[in-house]
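Scroll down for the structure; my scribbles are underneath it.
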Amino acid sequence: MSITPRVFSGMQPTGALHLGNYLGAMLQWIAMQKTHECIYCVVDMHAITVWQDPKELVDATRRVTAAYIACGLDPKRSILFNQSQVAEHAELAWVFNCVARLGWLDRMTQFKEKAGKDKERASVGLYAYPSLMAADILVYRATHVPVGEDQKQHLELARDIAQKFNNDFKENIVAAGFADGIFFPQPEPVITGPATRVMSLRDGTKKMSKSDPSDLSRINLTDDAETIARKIQKAKTDTEPLPSEEAGLKGRPEAENLVGIYAALTGESPGAVLRQYGGGQFSGFKKALAEVAVTKVGPIGAEMRRLSSDPVEIDRILADGSARARAIAAPVMHKVKDIVGFIRS
Ligand code: TYM
């Protein structure tokens, strides 16, 4: 059971996927399909760490699966599935709950943001969220995890859990046939590109997010051409013309965000974008940006709608992906049980 390069990542089926998900993570997911064995999950168990209407959760899980495929993930080449169909995630998460320390979880900024002031009323699941996330990755002994910047702290925790597990159980790991004492790899975060943190279109200091009450703050992958163009046209900017060099974006979060989005959509560098549009007014740049965004995002929404009209086919894809995921996760979990000292038959 040697460690082979393998990619794992996931998105929550809560609300609509947006341009931040697409540019921050999905573009990388698509690219890595060509070079790696990839496992992409719809993390429905993470979703219920805050209340979800059960019927809406079913729809959202199918919608995110349709978005994965519409964006360009190939369910034959990669494994696409929903987390709750592979019970090994929850099993390993429990072991990790007993490896991770309270002090580690106390430092997680996402819990603090999501729980808000009334921490007493947050679910235990929301607190233990990062330990399930570590299990998602490590139950496949995945080595690379493409995500946006906001997941960096969770990935550092996953690395700490992997290392502590290897240390705590070193003797048994060696006895189980891993001569170097390493059972779990240290998963590498893959956080690359000009848009690892896409900001709100209404406030360049806030992350673009599904939970922002203003729909104008984000471009949803399901938005039609007219909506995309209107949102970009209404995007907040400052009064200066665009700078000619990247250094000139400093202290101008809205300009930096729009240039980053343009660069990520076209595959250019922010410097190259500014060489073309620097010195000009925002109105002209916004027009060009809207055109690029409509060309890239428009077809995704159309394809999502087409795929969503056949939920039976989506469920079939998820069942197939789950069986393939389980085939990798089950033997890893068997070894974990041997290492930890659980009797199994
Ligand atoms: P989630 O569902 O919040 O987001 C999915 C992916 O989109 C990225 N992202 C962004 N990137 C750039 N700019 C933004 N404004 C933006 N908003 C979201 C996220 O960084 C993420 O990569 N905890 C994870 C899901 C998860 C997971 C995992 C990820 C569960 N288990 C294991 C990797 C590995 C989450 O809530 O992502």
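Overall shape: oblate for region 38-143, with the ratio a/c of the largest to smallest alpha carbon gyration tensor axis at 1.5 or above and b/c at least equal to a/b. Once the Cβ-Cβ distance of ASP238 and LYS34 is raised to the sixth power relative to R0 = 51 Å, the FRET efficiency obtained is 0.85. Structure remark: mean-square fluctuation, Gaussian network model of the chain, C-alpha springs under 10 Å; the largest value among LYS55, LYS112, LYS286 belongs to LYS55. Counting only DSSP beta bridges with both residues in the chain, the antiparallel share comes to about 10 percent.
On the basis of the beta-carbon distance and an R0 of 41 Å, ARG77 and ALA247 show a calculated FRET efficiency of 0.50.
With the convex hull drawn around the C-alpha atoms of the chain, the volume per residue stands at 149 Å³. All other residues whose Cβ lies under 13 angstrom from that of ALA302 are scored, Lys and Arg at +1 and Asp and Glu at -1, for a net of 0.
Relative protection proxy for 11-22, 319-330, from highest mean packing down: 11-22, 319-330 (other beta-carbon atoms within 10 angstrom). Taking label positions 7 Å along the Cα-Cβ direction at both MET1 and LYS112, the computed distance is 3.7 nm, reported to one decimal. If you run the Gaussian network model on the chain, springs between alpha carbon atoms under 10 Å, then out of VAL42, VAL99, VAL124 the most flexible one is VAL124. Relative to one another, the C-alpha centroids of region 287-330 and region 221-245 are positioned 26 Å apart. Label separation (LYS152 vs THR295): 3.2 nm, computed from points 7 Å beyond Cα along the C-beta direction. Segment GLN276..ALA90, full-extension length gain: 61.9 nm, with 0.36 nm per residue of separation and the alpha-carbon distance subtracted. Over the residues of the chain, the helix contribution to mean residue ellipticity at 222 nm works out to -16000 deg cm²/dmol, using -39500 (n - 2.57) for each DSSP H run of at least 4. Between the beta carbons of LEU102 and PHE342, assuming R0 = 41 Å, the FRET efficiency works out to 0.95 to the nearest 0.05. Annotation note: trypsin sites (Lys or Arg not before Pro) in region 191-257 located in DSSP loop regions with a Cβ neighbour count of at most 10 within 10 Å are LYS250. Here the chain exposes an accessible surface that is 53 percent carbon and sulfur, computed with a 1.4 Å probe and the other protein chains kept in place. Solvent-accessible surface of region 11-167, taken per residue with a 1.4 Å probe and all protein chains present: 41 Å².
On C-alpha positions alone, give me the angle between the axis of helix 311-340 and the longest principal axis of the chain, in degrees, nearest 10. The answer is roughly 40 degrees. Relative to the dominant Cα principal axis of the chain, helix 253-266 is inclined by about 80°. Pairs with C-alpha atoms separated by more than 28 Å, drawn from the list LYS152/LYS286; LYS55/LYS210; LYS206/LYS234, are LYS152/LYS286. Other residues lying with their Cβ under 12 Å from the Cβ of GLY10 contribute a combined charge of -2, Lys and Arg counting +1, Asp and Glu -1.
Taking the chain as a Gaussian network, where each spring joins two C-alpha atoms under 10 Å apart, which residue of PRO194, PRO253, PRO213 fluctuates the most? Of PRO194, PRO253, PRO213, the most mobile in the Gaussian network model is PRO213. For the set LYS114/LYS287; LYS119/LYS207; LYS114/LYS296; LYS76/LYS231; LYS117/LYS296, the pairs lying more than 28 angstrom apart at their alpha carbons are LYS114/LYS287; LYS114/LYS296; LYS76/LYS231; LYS117/LYS296.
Packing around the peptides 267-279, 82-94, taken as the average count of other Cβ atoms within 10 Å per residue, puts them in this order, highest first: 82-94, 267-279.
The values are calculated or read from the model by the stated rules, or taken from the named source; none is laboratory data. All figures in this text were calculated on a predicted structure; none of them were measured in a lab. Heads up, the Cβs are rebuilt from the backbone with ideal geometry, glycines too, and the neighbour counts pull from every protein chain shown. To get the accessible areas, we keep the full protein, side chains included, count just its heavy atoms, and leave off ligands, DNA and RNA. Shrake-Rupley method; radii C 1.70, N 1.55, O 1.52, S 1.80 Å.
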